[in-house]
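Report on the following structure.
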Amino acid sequence: MRIIIIGPPGSGKGTQARRISDKYGIPHISTGDILRDAVRRGTDLGLKAKTYMEKGELVPDEIVNDIVKERLSMEDCVNGFILDGYPRNIAQAEKLDQILRESGKTIDVVIYLVVDDDEVIRRLTSRRICPNCGAVYNLLISPPRKDELCDTCGAKLVQREDDREDVVKARLNLYKRTFEPLLKYYETRGILVKLDGSKTINEVWAQIDGILSKLDFKNR
Ligand code: AP5
């Protein structure tokens, strides 16, 4: 089961990818999470990625491609994975195909979550994350029980640097410039599934689970 989930920033990719990972027992690979973790730890990778991420720009392809190549070679990916936030352009998509080809594999399905700009801005400016355990909250639909403290570990929640409204708008503009060719890339392969991502989290999940449970992954 090799899945990609794509869509604009804030379309719910991470939220739904975690559910797919839990239900189907495959690792959730988020390039955004890997890069943020590197920034937090101040590694060489983090230092290189930080300035791009803060401005809502893409981290250079060669850096991200290397991260994904290494992650996909790990033992837990042998029965599949859900990729979230990668690929983001044709160069990355071609690189991913090449990496998979080397082990005789292909992508089974690409789930595209469609959400409009106003909803993206609403969701992202109200997102808060726990800097300690990574839990994700939303002040509008899933606030923490107490003030802005994490329900799980009690740490003070923070806003992602790139969730400020001006940076969200920059991310949306970049998305619009780069995503159309990527959608066509997967559409012509017949593996793109377009879903309404503007519904509630449970309703979007029901659409995704309905599709995944019908696909025959065994012979791929
Ligand atoms: P990344 O972390 O991948 O950011 P993104 O793609 O912009 O996506 P988000 O994480 O913001 O949103 P999401 O779609 O996962 O939504 P979520 O489920 O969290 O990348 C960050 C940066 O890293 C990039 O800008 C770039 O610099 C760099 N980077 C990463 N990958 C790269 C690559 N391949 N190449 C180059 N650079 C790369 O939900 C958002 C909020 O909405 C949450 O609060 C959630 O609770 C809420 N929510 C979710 N679903 C719903 C719903 N159905 N209804 C209401 N609220 C909802």
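The values are calculated or read from the model by the stated rules, or taken from the named source; none is laboratory data. Small disclaimer: the values here were computed from a predicted structure and weren't measured. Neighbour counts run over all protein chains shown; Cβ positions are idealised from the backbone, glycine included. The area values use the complete protein model at the heavy-atom level, side chains included, leaving out ligands, DNA and RNA. Shrake-Rupley method; radii C 1.70, N 1.55, O 1.52, S 1.80 Å.
Of the residues making up the stretch 95-150, those that are away from the ligand (no atom under 13 Å from the Cβ), of a type in the set (D, E, K, R) and without any contact (Cβ under 8 Å) to a residue 12 or more places away in the chain are 97, 101, 102, 145, 146, 147. The combined condition, being touching a strand residue (DSSP E or B) at 6+ places or on another chain (Cβ under 6 Å) and either under 29 Å from residue 204 (Cβ atoms) or more than 11 Å from the ligand (Cβ to nearest atom) (or both), is fulfilled by residue 29.
Evaluated against (1) surrounded by fewer than 22 Cβ atoms within 10 Å (Cβ to Cβ); (2) closer than 26 Å to residue 208 by Cα, residue 6 falls short on exactly one condition, (1).
Selection of the stretch 67-94 for residues being part of a loop (DSSP other than H, G, I, E, B), touching a strand residue (DSSP E or B) at 6+ places or on another chain (Cβ under 6 Å) and within 12 Å of the ligand (Cβ to nearest atom) yields only 85.
Being surrounded by 17 or more Cβ atoms within 10 Å (Cβ to Cβ), out of contact with any Lys or Arg (no Cβ under 7 Å at 6 or more places or on another chain) and assigned to a helix (DSSP H, G or I) holds for only one residue in 128, 123, and it is 123.
Determine whether residue 140 is out of contact with any Phe, Trp or Tyr (no Cβ under 8 Å at 6 or more places or on another chain), assigned to a loop (DSSP other than H, G, I, E, B) and among the aliphatic types (A, V, I, L, M). Considered against the rule, which asks whether it is out of contact with any Phe, Trp or Tyr (no Cβ under 8 Å at 6 or more places or on another chain), assigned to a loop (DSSP other than H, G, I, E, B) and among the aliphatic types (A, V, I, L, M), residue 140 comes out as yes.
With respect to the conditions (1) over 27 Å from residue 155 (Cβ atoms); (2) outside any loop (DSSP other than H, G, I, E, B), residue 106 falls short on a single one, namely (2). If only residues of the stretch 8-30 that are charged (D, E, K, R) and touching a residue at least 60 places away in the same chain (Cβ under 8 Å) are counted, the one that is nearest to residue 172 (Cα to Cα) is 13. The residue pairs whose first member lies in the stretch 185-203 and is over 21 Å from residue 9 (Cβ atoms), whose second member is open to solvent by less than 60 Å² (accessible area, probe 1.4 Å) and modelled with pLDDT of 95 or more, and whose beta carbons are closer than 6 Å, counting only pairs six or more residues apart or on different chains, are 191/109; 191/110.
Going residue by residue through the stretch 40-48, is there one that turns out to be buried (at least 21 other Cβ atoms within 10 Å of the Cβ), within 13 Å of the ligand (Cβ to nearest atom) and of a type in the set (A, V, I, L, M)? So far as the stretch 40-48 goes, no, none of its residues is buried (at least 21 other Cβ atoms within 10 Å of the Cβ), within 13 Å of the ligand (Cβ to nearest atom) and of a type in the set (A, V, I, L, M). Evaluated against (1) near the ligand (Cβ under 9 Å from one of its atoms); (2) touching a strand residue (DSSP E or B) at 6+ places or on another chain (Cβ under 6 Å); (3) open to solvent by 30 Å² or more (accessible area, probe 1.4 Å), residue 11 falls short on exactly one condition, (3).
Out of 59, 136, 78, one residue alone is at pLDDT 95 or above and of a type in the set (Val, Ile, Thr). It is 59.
Condition check for residue 17 on (1) assigned to a loop (DSSP other than H, G, I, E, B); (2) of a type in the set (Gly, Ala, Ser); (3) in contact with a strand residue (DSSP E or B) (Cβ under 7 Å, 6 or more places away or on another chain): one failure, at (1).
Specify the residue that is most open to solvent (accessible area, probe 1.4 Å); the eligible residues are those in the stretch 151-188 that are part of a loop (DSSP other than H, G, I, E, B) and within 13 Å of the ligand (Cβ to nearest atom).
Per the criteria, the residue is 164.
Among the residues of the stretch 109-120, those that are within 26 Å of residue 81 (Cα to Cα) and either open to solvent by 40 Å² or more (accessible area, probe 1.4 Å) or in a loop (DSSP other than H, G, I, E, B) (or both) comprise 114, 115.
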